[in-house]
Amino acid sequence: MLALRTLLLSLVLVVLAAPGAHARPAPQTVVQDDALFLHGTEQEIRAGLEQAREVGIERVRLTAGWSVIAPQPAREKVPEGDLSDPASYPRDHWYNLDRAVRLTVAAGLRPMIDIAFWAPRWAIRGQAGDTTRLRTEIDPGEYARFAQAVARRYAGGYVPANPPASPPAASPSRPDATLLDGLLGRSRSQPLAQVPTLPPPALPAVDLFTIWNEPNHPGFLLPQWRREGGRYVPSSPHLYRAMVRASYPAIKRGAPASRVLIGGTASMGSSTPGKSGVTPLLFLREFACVDKRLLPLRTRECADFQPIPGDGWAHHPYSLQTLPDALPKDIDKLPVAATPRLVSTLRRLTGRGRLAPANKTVYMTEYGYETSPPDPQAPFSPQQQGRLLGWAEYLATRDPAVVMWPQFQLRDRPGDPAGPRMRPYGDWQTGLLYADGTPKPAFQEYGAPAFARCRRSHNPRWIEIWSRMRGPQVAATAQIEIRVLARGAATANVGWRPVITYPRPRRGGASATQTVVGTPGAAITRFIPWRPRTTVRVRWSDGERRQRTSAALTTGRCPAAARPRTAAARRR
């Protein structure tokens, strides 16, 4: 009789639905994989875009490589012509980017473009002996003209007068294009897509641009430091500020309806001045011309400071070698666990008028975890990847200031030797798919990121469970399930079964086994009482009969919160 009553109660609770989602819109999800979407074959690109849609990704981040698209990039003299006009650039130099933008929009996804690395020789100083990856003291005015050309081309409605007839060929006069095609491009045994000879329709609109990529990283901008009075002081923040001031209005002239992100900062950097890159929080302060207390700097570079424009701050909160909740000793480094520090600093800087108000909005535009296999240097396995990605997303997106969450890459790079630990240009194995297209476990789990943790500050102890379903355009339903291992058996279990959850870490309130999410893609946070050896997962479904299941999450040990020693302390 007791068993029958329990079964009836479970059936009733399954029908009930408890509201558990945040009312705010879900962060957009963006993927970047230039090797695939810029350098793959058309067939590979179409397949990759379909796979991205399958896991609920909404945007594709693409690089408009200045040194790849520029005319005569190896010359020292600036080419003649109006370089703010996209028609002044060789038509075949646009081929890869045009194709990626068209195919992305045709697949129902939205492109965003980084107007980025590297520079043509005629737009830099120094690096006289180098032929590739030129990035020293970039001329802000020349960069602004290129940025305007990109914006004009993808403002919506632009019809190329002479569309590219074929993919660009390797050429000694375009060293970066040849380098990237060799590193990232299709194998020569793969057929090249044929482009129609008739003029194509107008290029689609791109509504989101980013000014440069990781300006605090020596692989993308130099010099990072300069010597002054026997010590090293940051140089790259001031170089980048000049680039932003010149290019932001130029992009707005080219594409008035677009949003323009600034920053794109790398998460790390060197704690030793003069070595490697500038740490991102130090970079941000110098960029805004403030000291550690956020008071104005009176240095030569900041003498004529004016508020810095921008429609949002982009950041890459990588924590490649550590768990997502690990915080470095240097507080100026900003891995994903330090997102509150970034958000707080941006709010204070915008509040003090150092940055335009929109820059308090944060766009995370790169993140991922490499796996071993295939990369023998990676500290995490493919089985851990999905859980780590969900954990990182939970940490980053709790603050409503964060409006975008990324995945870098879709596919692993094939067969390249593993690079050094702090590699500026090495190969990456952060994909949701192996290089041959075989899914990693994270591919299926990515559509329903989830995280669970013990809340030991409460007695009795509770498990907090967070999750969201990517991609639905209608309401979705989440059902949290538990699997409890049998005592004395490491593998035996009683199977997955729904569990009653609560909106707060206490009994009472809207308890149910299912939670309806009315805002598409919004997250839920629910609680269940903690018990030893418990594994949880979240099963999602929506009104269009799509289903997604999160990674299985085990909370591990959960020591009880310390109890006060005296009755008076307990009353307090």
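The values are calculated or read from the model by the stated rules, or taken from the named source; none is laboratory data. In this text, all values refer to a predicted model and were calculated from it rather than measured experimentally. In this analysis, Cβ positions are derived from the backbone assuming ideal geometry, glycine residues included, and neighbour counts consider all displayed protein chains.
How many residues, within segment 380-400, are in contact with a Phe, Trp or Tyr (Cβ under 9 Å, 6 or more places away or on another chain), farther than 17 Å from L433 by Cβ and part of a loop (DSSP other than H, G, I, E, B)? Can you show your working first?
Kept after step one, since they are in contact with a Phe, Trp or Tyr (Cβ under 9 Å, 6 or more places away or on another chain), are these residues of segment 380-400: 380, 382, 384-398.
If we keep only those that are farther than 17 Å from L433 by Cβ too, we end up with 387, 390-398.
If we keep only those that are part of a loop (DSSP other than H, G, I, E, B) too, we end up with 398.
Adding up the residues that qualify gives 1.
Looking across segment 159-177, the residues that are at pLDDT 80 or above, buried (at least 19 other Cβ atoms within 10 Å of the Cβ) and out of contact with any Ser or Thr (no Cβ under 6 Å at 6 or more places or on another chain) come down to R174, A177. Residues in segment 114-127 that are assigned to a loop (DSSP other than H, G, I, E, B) and under 17 Å from V78 (Cβ atoms): how many? Matching residues across segment 114-127 total 7.
Considering segment 518-551, the residues that are outside any strand (DSSP E or B) and hydrophobic (A, V, I, L, M, F, W, C) include one that is nearest to the chain's Cα centre (by Cα), namely A522. Any residue that is in the same structural domain as S247 (by TED's automatic domain parsing), under 25 Å from D33 (Cα atoms) and of a type outside the set (G, A, S) - is there at least one of those in segment 340-357? For segment 340-357, residues in the same structural domain as S247 (by TED's automatic domain parsing), under 25 Å from D33 (Cα atoms) and of a type outside the set (G, A, S): absent.
Scanning segment 542-551 for residues that are of a type outside the set (S, T, N, Q) and more than 27 Å from R461 (Cβ to Cβ) yields D542, G543, E544, R545, R546, R548. Tell me yes or no: at least one residue of segment 353-375 is more than 16 Å from the chain's Cα centre (by Cα), in contact (Cβ under 8 Å) with a residue 24 or more places away in the chain, buried (at least 23 other Cβ atoms within 10 Å of the Cβ) and outside any loop (DSSP other than H, G, I, E, B). Yes, segment 353-375 contains a residue that is more than 16 Å from the chain's Cα centre (by Cα), in contact (Cβ under 8 Å) with a residue 24 or more places away in the chain, buried (at least 23 other Cβ atoms within 10 Å of the Cβ) and outside any loop (DSSP other than H, G, I, E, B). The criterion of at least 1 residues that are loosely packed, with under 15 Cβ neighbours inside 10 Å and out of contact with any strand residue (DSSP E or B) (no Cβ under 8 Å at 6 or more places or on another chain) is met, among strands (runs of 3 or more DSSP E) falling completely within segment 215-331, by 225-228, 231-234. Here is a list: S258, S270. Which entry is over 28 Å from D82 (Cα atoms) and either at pLDDT below 95 or among the small types (G, A, S) (or both)? The match here is S270.
Quick test for you: out of L180, L203, pick the one residue that is at pLDDT 95 or above and under 22 Å from D33 (Cβ atoms).
L203
Looking only at segment 365-385, residues that are among the polar types (S, T, N, Q) and in contact with a strand residue (DSSP E or B) (Cβ under 9 Å, 6 or more places away or on another chain) come to 1 in all. The set of residues from segment 387-401 being of a type in the set (D, E) and under 15 Å from the mean Cα position of the chain (by Cα) comprises just one member, E393. The residue of segment 128-155 that is nearest to A257 (Cα to Cα), among those that are out of contact with any helix residue (DSSP H, G or I) (no Cβ under 8 Å at 6 or more places or on another chain) and of a type outside the set (A, V, I, L, M, F, W, C), is R135. Scan segment 512-536 for residues that are small (G, A, S) and crowded, with 17+ Cβ neighbours inside 10 Å and jot them down. A512, G521, A522, A523 - these are the residues of segment 512-536 that are small (G, A, S) and crowded, with 17+ Cβ neighbours inside 10 Å.
Quick check: is even one residue across segment 552-564 within 31 Å of the chain's Cα centre (by Cα), crowded, with 21+ Cβ neighbours inside 10 Å and part of a strand (DSSP E or B)? The answer is yes; a qualifying residue exists. The single residue among Q190, Q194 that is of a type in the set (S, T, N, Q), under 31 Å from the mean Cα position of the chain (by Cα) and modelled with pLDDT under 70 turns out to be Q190.
The single condition from (1) out of contact with any helix residue (DSSP H, G or I) (no Cβ under 8 Å at 6 or more places or on another chain); (2) at pLDDT 95 or above; (3) part of a loop (DSSP other than H, G, I, E, B) that V101 fails is (3). Among the residues of segment 126-153, those that are under 19 Å from H217 (Cβ atoms) and not hydrophobic (A, V, I, L, M, F, W, C) comprise G126, Q127, D130, T132, R133, R135, T136, E137, P140, Y143.
Condition first: among the aromatic types (F, W, Y) and modelled with pLDDT under 95. Now tell me which residues in segment 439-468 satisfy that.
W462 - this is the single residue of segment 439-468 that is among the aromatic types (F, W, Y) and modelled with pLDDT under 95.
So for segment 139-156 (the condition being modelled with pLDDT under 90 and among the hydrophobic types (A, V, I, L, M, F, W, C)), does at least one residue qualify? No; the residues of segment 139-156 include none that is modelled with pLDDT under 90 and among the hydrophobic types (A, V, I, L, M, F, W, C).
Of all residues in segment 39-67, those satisfying the criterion of being touching a residue at least 60 places away in the same chain (Cβ under 8 Å), touching a helix residue (DSSP H, G or I) at 6+ places or on another chain (Cβ under 6 Å) and surrounded by 23 or more Cβ atoms within 10 Å (Cβ to Cβ) are G48, A64, W66, S67. Any residue in segment 519-541 that is touching a residue at least 24 places away in the same chain (Cβ under 8 Å), touching a His at 6+ places or on another chain (Cβ under 7 Å) and over 24 Å from R461 (Cβ atoms)? Scanning segment 519-541, I find at least one residue that is touching a residue at least 24 places away in the same chain (Cβ under 8 Å), touching a His at 6+ places or on another chain (Cβ under 7 Å) and over 24 Å from R461 (Cβ atoms), so the answer is yes.
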